[in-house]
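Where a number appears in this text, it was derived from the coordinates with a stated rule and is not lab data. Bear in mind that the values here come from a model prediction, so they are computed numbers and not experimental data. Counting neighbours? That spans all protein chains shown, and the Cβs are built from the backbone with ideal geometry, glycine included.
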Amino acid sequence: MDITDFYDTFFEEAAELLEDMERHLLELDIESPDPEQLNAIFRAAHSIKGGAGTFGFDVLQRTTHIFENILDHLRRGELKLRRDIVDTFLETKDMLQDQLAAYRNGSEPDPEAFARICQTLQQMALEELGGQGTKAAVPAPIPVAELAPSPEPEPEAAEAPAGEAGAERLRVVLLGVAEKDRELLIGELGHFGSILGQTGDVQRYEVELATGESADDIEAVLCFVVEPEQLEIQVLAAAPAAPSKAAVAAARDEAPQLEPETPAAEKAAPAAALAAPPVPSPAPAPAAAAPQPGPTASGKPPANGNGESTTLRVPVTKVDQIINLVGELVITQSMLDQMLGRLDGATHSELVNGIALLQRNARDLQEAVMSIRMVPMDFVFSRFPRQVHDLAAKLGKEVELVTVGKSTELDKSLVERIVDPLNHLVRNSLDHGIESPEVREAAGKPRTGRLTLSAQHQGGNILIDVIDDGAGLNRDRLLAKARSNGLAVSDSMSDDEVWQLIFAPGFSTAEVVSDVSGRGVGMDVVKRNIQSLGGHVQILSRQGQGTTTRIVLPLTLAILDGMSIRAGEEIFILPLNAVIESLQPRSEDIYAMAGADQLLKVRDEYLPLLPLHQVFGIPGARTRPSECIAVIVQGEGTRCALLVDELVGQQQVVVKNLETNYRKVPGVSAATILGDGSVSLILDIADLQRLNRRQSAARQERAAAIEQELMLS
């Protein structure tokens, strides 16, 4: 059995434990810390230490051993919490994360960094705890020269004599554990002490163990291989004496021999973990005279009857593969629909019913598969409490972070790409938005500023807001800075247009360049990144009251509901969430502008006409607006009337990346495959509007040049 098969599980679970640890540290009330939070932080360090020892990650195990001893004093009330102590704990968490990353990459952690954090923790313990047993609780300082991985001890050194003081007889019950995992677990249990007997089957397998280790320590290690609900540990009685090797061998011979021979290389790695001094258990289990049904020694209820876990870890690549296959199914179903349209429905009624059933099932399957890729926004928001904590301290500001809508779900592919833009917006709010405590107090505001991260669904989009109650944007200052940068601006610009100036490349109002901001990079990157995801950014600001930056994104990038439109002989797809309405334009509602531009009046609102055939140069399309269909669409908060020849229909389409297979096409976001096998382009409304404006400006320049030539002639 190769123990490295479980490395990925350990790395993932340890990363989650470190995230939980950081969250609890940031939420701690310094004056009156919650005991439950202190216990949760201790348990996280304790579990990571146990797993690190099992897999032979010596540096990680030794660091967490020192850390958890200090945490144990803290939760016992022997150490008084202060802000600088919390900061040291956060620094330790960062160091554990770096060590975990090193092991994940197949390398050893930095020995100097290891020595530095150990010295910091040891010095803290000696200063804060004084004579309260620190010598026993905290190991002696570790020189850098001794930080190389220690040689692997012989397997026999790991076995604790069962007759030592404090040794117990435990019954370890494995519920619904496959044979491969069970063999590994039995091998690991052999390192905790002496196996006295074992029996059972896949549904319930029992191992009796004589050991000097606590049930909690054993559970912490085994839970990196199986789920907690697959494990029960029952305390039978204190072991009266250590059985001889012959007695242990005889007991093993009499028991059903389902335990395979464990290679020495596997036994050696966990042995190093057990060489560390045992850590006080958070809740020692009382010994019982006989096994009783009910809760296990760890206090948790037994697993369900069949012992099956309720969760399953699946690599993202496998989910993506399923989504691609579902996409192909949607395309195939579209092809069948198109073929069915050429048949007589009355004659082929059974086929029509079968295709309709296939369509419903395909839609349900698509929704179920897409839901697998959806992750809560808490996955994103949980990264920011630490950043806000550290950056506010660096800027000398007091900031409270509030998150709203953490359960709102977003496609995982979007989640990974939204973190960086949000990071820029948060830093910008802290540096430029929220004022210092003195300035806020002088303005009649609370000394502590508030930064809110909010997420909500709206139609087919997700709205992510970054809201601060700071000074807000200064219109006059933005215009002055834009003029000094050579940007074409005027005092008649609307507030929305002025706010959008901050997204211009190189634009910054910071008076001093720092490592936080002021170089004029970041906000333009935010806008480009959001646009590449098919979204846009909106800003609402009131001077003296704060700023709201809203990111609008589609819920998913894989499959979307679209409207098929035709211009000439070409079929295009409009994202349905961008379509507001469609209508037949009347000649009296069309107004000519400078050059060849036109406006369409729709209920007292004048919208620019955007002829699709003209933008893409499509031959054979209708040219008179009154003969076309006007589709009112919205992109980046602005509306326009898109002129097309025909509305073909509404359908689901599978999004195919055009840049990967071809190149970036202006006005187009992606492509899809239609039912007849042809490729259709998916329009990017915002980019289409920008493309039309550039073409319009070019037409006006040509018209002006021609007029100038005529005047000269």
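A few points about this structure:
- Note on Tyr591, Tyr205: ascending count of other Cβ atoms within 10 Å places them as Tyr591, Tyr205, the fewest first.
- Where labels lie 7 Å past Cα in the beta-carbon direction, separation of Arg475 and Arg313 in nm: 5.5
- Förster-model FRET efficiency, 25 Å R0, Asp34 and Phe379, C-beta, rounded to 0.05: 0.55
- From least to most packed, judged by other beta carbons within 10 angstrom and beginning with the fewest, His389, His457 follow the order His457, His389.
- Kirkwood Rh in Å, taken over the range 559-702 so that all alpha-carbon pairs contribute: 15.6
- Overall form of the range 3-146 per C-alpha gyration tensor (a/c, 1.5; a/b vs b/c): oblate
- Distance between the pseudo-spin-label points of Gln97 and Leu126 (7 Å out from Cα toward the beta carbon): 2.9 nm.
- Per-residue Cβ neighbour rank within 10 angstrom, fewest leading, Phe616, Phe114: Phe616, Phe114
- Within the range 332-355, backbone nitrogen closer than 17 Å to the virtual label 7 Å beyond the Cα of Lys656 toward Cβ: 332-336
- Here the simple spin-label model places points 7 Å from the Cα toward Cβ, and for Glu416 and Met593 these points are separated by 4.1 nm.
- Applying 0.36 nm per residue to the separation of Ser107 and Val525 and subtracting their alpha-carbon distance, the gain on full extension is 147.1 nm.
- Given charges at beta-carbon only (K, R positive; D, E negative), |dipole| of the range 377-554 in Debye: 160
- Theoretical gain in end-to-end length, Gln456 to Ser626 [0.36 nm per residue, Cα-Cα removed]: 57.2 nm
- In Å, descending, principal axis extents of the Cα set of the range 377-554: 41, 37, 28
- For the cross-link pairs Lys93/Lys318; Lys397/Lys445; Lys412/Lys527; Lys318/Lys406; Lys412/Lys656; Lys93/Lys394, the ones whose C-alpha atoms lie over 23 Å apart are Lys93/Lys318; Lys318/Lys406.
- FRET efficiency estimate (nearest 0.05) - Cβ-Cβ, Arg76 to Ser494, R0 60 angstrom: 0.45
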